[in-house]
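Written below as structure tokens is the structure these notes are about.
What follows draws every value from the coordinates through simple rules; no lab data is involved. Since we're looking at a predicted model, the values are computed, not measured. Reconstructed Cβ throughout: ideal geometry from the backbone, glycine too, with neighbour counts over all protein chains shown.
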Amino acid sequence: MRTMTEESNSTKRLYLTILAVVIVGAIIPLFVSPYISAMLMLVFINIVMAESYNIIGGFTGYPTFGHGVNFGIGAYVTALLFRDLGFSPLITFPVAGLIAALLALGVGFPVLRARGIYFAMITVSLNWVVTLIITLTPYTGGPSGIIIPYAFKVETLNRIGYAFYYALCIISIFISYKISRSKLGYGLFAIREDEDACRLLGVPPTNLKLYSYAISSFFAGAVGGLYPFFFGYIDPTVVFATTLSITPIAAAYLGGIGTIFGPALGAVIIALLTENLRYVFTAYEGLHVLVTYLITLIILLYRREGILGGLRKI
């Protein structure tokens, strides 16, 4: 049996290791090319999307197939604020996350009453409906989208983008960790195991599910809010792409759904696989994504709980 001193030393080592990783990650852009920085930005986007999905899909056990809609909403919020009011997405991306969270609260109350496949189907429909509304609305640019002119040189832009996406990535993992060790997290785990029993024991599943859905949507909206500034252009097919809903699910299950670091690990693997396979299948557009998902599926057939599966406390 471990003593309190041993547990304290173990915790200190964990925090020191995390601090070292954070510091190393922060200085990487000083030593790599703009291409590597841009690729790492995509990795961080995947991590934030996977970690945020894990809060509702892993902790709570409500698999949403429309998580990407929050990314798209966030992207359009900051793009419109820049176009109409001149506010930089670097300032307004938290507002994008907040609006995505408020919308999640609005639709979540009726939607979260459904369970399982019914909830998944409703979230898919929400993604399609929002995409259609954005596409048919002239104010949002319709199918042509919105252009955001670059304010810096590419090298400077990549370094700024790296810093913001890296910070959001670290924060999303930290929040996931804190939730998993909190009263909210224990309530979400209980809902995942048996929602009806929770209700009988006095645990308010509706409120907890709404909190989970809102926090999950906030991070997806915030990371989407940064997208227009660093990539210069958005349209419905880009920021509401189906892959933005499917990839977080694949990453979470690949790394270990319901764990803390599993979704981040899965996101890194999928992002690197996708980017490298892009050059292998240059003659066949989109094939690299399909092959990535097939590889993920094969891994899950042999390890159904994911790479970090079973390690719920990590």
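List of remarks:
- Simple point charges give the picture: +1 on the Cβ of Lys and Arg, -1 on the Cβ of Asp and Glu, and for the chain a dipole about the Cα centre of about 580 debye.
- Phi angles across the range 250-266 convert, under the Karplus curve 6.51 cos²θ - 1.76 cosθ + 1.60 with θ = phi - 60°, into 3J(HN,Hα) values of 4, 5, 4, 6, 5, x, x, 5, x, 8, 8, 8, x, x, 5, 4, x Hz, Gly and Pro given as x.
- In order through the range 274-288: 3J(HN,Hα) via Karplus (6.51 cos²θ - 1.76 cosθ + 1.60), integer Hz, x for Gly, Pro: 4, 5, 6, 6, 4, 7, 6, 10, 5, 7, 10, 5, x, 5, 4
- Counting only Cα atoms, the size of the chain along its three principal axes is 59, 47, 40 Å, in decreasing order.
- Estimated Rh, the range 24-122: Kirkwood, alpha-carbon pairs, angstrom: 15.6 Å
- A cut-off under 12 angstrom between Cβ atoms defines the neighbours of Lys209, and their net charge, with Lys, Arg +1 and Asp, Glu -1, is +3.
- Our coupling estimate for the range 157-171, obtained by passing each phi through the Karplus curve with A = 6.51, B = -1.76, C = 1.60 and θ = phi - 60°, is 4, 5, 5, 5, x, 4, 4, 5, 5, 5, 4, 5, 4, 4, 5 Hz, Gly and Pro reported as x.
- Likely footprinting exposure, Val107, Val77, Val21, fewest C-beta neighbours within 10 Å first: Val21, Val107, Val77
- Cα gyration tensor, the range 90-197 - rounded (a/c under 1.5), prolate or oblate: oblate
- Whole-number percent relative contact order across the range 34-239, with pairs defined as alpha carbons under 8 Å at least 6 apart: 46 percent
- GNM remark for the chain: springs join alpha carbons under 10 Å apart, and the peak mean-square fluctuation among Ile28, Ile246, Ile122 falls on Ile28.
- Per-peptide packing, taken as the mean over residues of other Cβ atoms within 10 Å, places 180-188, 61-69, 267-275 in the sequence 61-69, 267-275, 180-188 from highest down.
- Relative to one another, the C-alpha centroids of the range 238-290 and the range 39-61 are positioned 11 Å apart.
- Taking other C-beta atoms within 10 Å as the exposure proxy, Met39, Met49, Met121 rank Met121, Met39, Met49 from fewest upward.
- Placing a pseudo-label 7 Å from each Cα along the Cα-to-Cβ vector at Arg113 and Thr237 gives an inter-label distance of 3.8 nm.
- Largest GNM mean-square fluctuation among Gly97, Gly25, Gly58, using the chain with Cα springs under 10 Å: Gly25.
- For the pair Val203 and Val129, label points projected 7 Å from Cα toward Cβ lie 2.9 nm apart.
- The modelled label-to-label distance for the pair Glu275/Ile246, using points 7 Å beyond Cα in the direction of Cβ, is 2.1 nm.
- Structure-based [θ]222 nm, the chain - -39500 (n - 2.57) summed over DSSP H runs of at least 4, per residue, nearest 500: -24500 deg cm²/dmol
- Among Leu226, Leu102, Leu244, the residue with the largest mean-square fluctuation in a Gaussian network model of the chain, with springs joining Cα atoms closer than 10 Å, is Leu102.
- With a Förster radius of 51 Å applied to the C-beta separation of Ile295 and Asp196, the computed FRET efficiency comes to 0.85.
- For Arg113, Arg278, the sequence from fewest to most other C-beta atoms within 10 Å is Arg113, Arg278.
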